[in-house]
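Quick notes on the structure that follows.
Each reported figure results from applying straightforward, stated rules to the coordinates on display, with no laboratory input. Just so it is clear, the structure is predicted and the values come from calculations on it, not from any experiment. Cβ coordinates were reconstructed from backbone atoms using ideal geometry, including for glycine residues, and neighbour counts include every protein chain displayed.
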Amino acid sequence: MNRSQLLILAVVMGPLLCFAQTQSNAAPTQADASGKGSDPAQSFVSPLGLGTGATLAVTQKGTNISASIARQMFNPAINFWQVGFSGTANTNGQAEVYSSQEADSPAFKAQVGLGKSSFIKFRPVYTATSGEFRVQAWCRDEVNQVNNTLPGVGQIKINSSTSCKDAVVVEQQALKATPPVDDNGKPDSKTQAFDQQVLASLGTVTANSDPTVRQNICKTFKDNKDFYQYCDDSGKPQKSVEDEHTAYPGLDTYTKEAPSAFQWKIWGNWTPVLTSTPYRPVVDGVANLSDKLNWTKLLNTGVGNVALYYRSLTFGVEGGFGQTVQIKQQNVCLTTTSGSYSAQQCSMAMVGQPVPKNSWISSTALQISPLPIFGKSAALSSGAQAVFSYTAPTSGGHSSELAVPFYISPSATRMSFVLGIQPTWDWNTDPMVGNKFSIAVFAGARPSNTKN
Amino acid sequence: MAQITVKMTGISRGATGATFTWNQQLKSLTDTGGGNLSTAFQSDPGTFLYAIVVSGNPGDPWTASVTDGTTTHNHAGHMSPAGFDTTGDTAFTVVNP
């Protein structure tokens, strides 16, 4: 299969899968192109973990299709699991594959992981107290709505940190002093009566009022969409605690035991790799090029991962031990001669049977997202990552790689699309594949794999 | 019994990026890709408290919906500088379908 055929395959497979990430000419590295906690490229060697969904990657070495899913579970030791699969074919065999750990080495891979995240935790005090704050903030929204019904000269400004109870008292005075008027400037007794009813209801809200108080008061607002829009069951998007913090600075004296900015995730993976290649046997140092054989082997690797999160920083480290194999294919040709003419029929094969090696593997990743390039309300968000990976066969030598991807994505749907550039440095010893520097441009899309 | 369906978007940390508590019990969320999480379960009629807690990149927008097929609650927010946000405890009245 040549490169053009692979590209056609990519074009055809993408819509069929309904979700795909294309990574054009990407180096076989682990660009965490958008997500903070998992790897959007779904690399099987990322210290940040697999991202859920599916990925189709076309690289200079071959085509790779990955899919994985993750789910929470509740156990004292384990609170999430993930399962992933990856199938790869190299383009024409010319590529030298150093390690079966590489993202686009020719193989069928799976990954089964279990772990624990500090984030998945029951936080009853945090949710209860922040719920009390949201009742206060909702009350302030409704008081503001009453204020909006007053004539301009009668409208008042209430300090953002003023509690619901105090705001209601102040607004009742404003309503009494300057009642609503209709379009003709005459007293609007209907609006005034409803405003009085709203403020009377809100007057029952105390510092400890729970969300059922809000729900019960909201039942009386159903006939007035201006007030009902702030109710949960109105169907309108309701502001979260953080957005209410922005709307009412200083009002939240309620929330307690908020999660720490520092969080962690630790997990382990078993990664079996089924790899296969045609080869020609070598007997007593002499290659038998006419004997076509195929080599297939299941290689096993176990790795442990730790990811640390602090605000916009993520740091991940992975270490493990497993089997890798070096597959170097070359053209093996049958030459037929007839008189002064000759014809060649060539195919890619490895000369000599591949020999798996045990290897230590490790990788680290440091990510910052978002980068302070775009403003808070900008449509685009950006991030950068530094990923260092190291594979060391026990027989000696190493393969090292440093990749520094930079990317941008839509702020509103960060995981759905990314565009980035990734400089990569590679250096190796024994076998010396060669040091090289490359720059890859990658673009990816990964919509949800279920209909919402 | 009614089926409660919960969907979230904008959760860049995937399966480990959010929790959903219904009636003082955590419900298992499935990462459906693209920063989306979901869960569905059966509930008796009545009024219950639920809470969504999310984490991610500071400033990231997120949304969530909770529905029993009759009533729908929609939530929207942005992660705090520490990378968190929540709906806080919220009341939901489940009706018989």
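Averaging over all projection directions, find the projected area of the Cα convex hull of the stretch A:279-337 and quote it in nm² with one decimal place. Write down the numbers at each step before the final one.
Values: hull surface 31.7 nm².
The directionally averaged projection comes out at 7.9 nm².
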### Message
Along each principal axis of its Cα atoms, how long is the stretch A:207-320 end to end? Whole angstroms, biggest number first, please.
### Response
91, 33, 21
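Nothing charged except the Cβ atoms of Lys and Arg (+1) and of Asp and Glu (-1): what's the magnitude of the dipole of the stretch B:2-94 about its Cα centre? Round to the nearest 20 debye.
Details: 3 positive and 6 negative charges, 24 e Å.
Dipole of the stretch B:2-94, to the nearest 20 debye: 120 debye.
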### Cα→Cβ-extended label distance, 7 Å offset, between A:Ala386 and A:Ala287, nm
4.2 nm
### Message
Largest first, please: the extent of the C-alpha atoms of the stretch A:250-373 along each principal axis, to the nearest Å.
### Response
96, 34, 18
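Quick one: order B:Thr47, B:Thr67, A:Thr127 by neighbouring beta-carbon count within 10 Å, fewest to most. If you can, show how the numbers build up before the last one.
Working: B:Thr47 13, B:Thr67 18, A:Thr127 25.
Sorted ascending by nearby Cβ count, the order is B:Thr47, B:Thr67, A:Thr127.
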### Summary
the stretch A:124-247, convex hull of Cα, quarter of hull surface, nm² -> 7.7 nm²
### Query
With r defined as the distance between the Cβ atoms of A:Asn75 and A:Thr394 and R0 fixed at 30 Å, what FRET efficiency is calculated, to the nearest 0.05?
0.30
### Message
Out of the trypsin sites (Lys or Arg not before Pro) in the stretch A:336-430, which ones are loop residues according to DSSP with at most 13 other C-beta atoms within 10 Å?
### Response
A:Lys376
### Message
Given bins 5 angstrom wide, list per bin the percent of all Cα-Cα distances in the stretch B:2-94, short to long.
### Response
3, 15, 28, 26, 17, 9, 3, 1
### Summary
Output for the stretch A:235-315: GluC sites (Glu not before Pro) sitting in coil per DSSP, at most 16 other Cβ within 10 Å, listed by number, reads A:Glu257
### Full-stretch length increase - A:Val112, A:Ile266 - with 0.36 nm per residue and alpha-carbon distance subtracted
54.0 nm
### Task
Based on other C-beta atoms within 10 Å, arrange A:Leu334, A:Leu199 from fewest to most.
A:Leu334, A:Leu199
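When every alpha-carbon pair in the stretch B:29-70 is counted, what percent end up more than 12 Å apart? Walk me through the numbers before you get to the answer.
Working: 626 of 861 pairs.
Beyond 12 Å sits 73 percent of the P(r) for the stretch B:29-70.
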### Task
Going by C-beta contacts inside 10 Å, put A:Thr271, A:Thr424 in order with the fewest on the left.
A:Thr424, A:Thr271
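Please give the length that would be gained between A:Asn208 and A:Ala379 if that part of the chain were fully extended, namely 0.36 nm times their separation in residues minus their C-alpha to C-alpha distance (nm, one decimal). Walk me through the intermediate numbers first.
Values: separation 171, 0.36 × 171 = 61.56 nm, distance 3.83 nm.
Gain on extension, A:Asn208 to A:Ala379, equals 57.7 nm.
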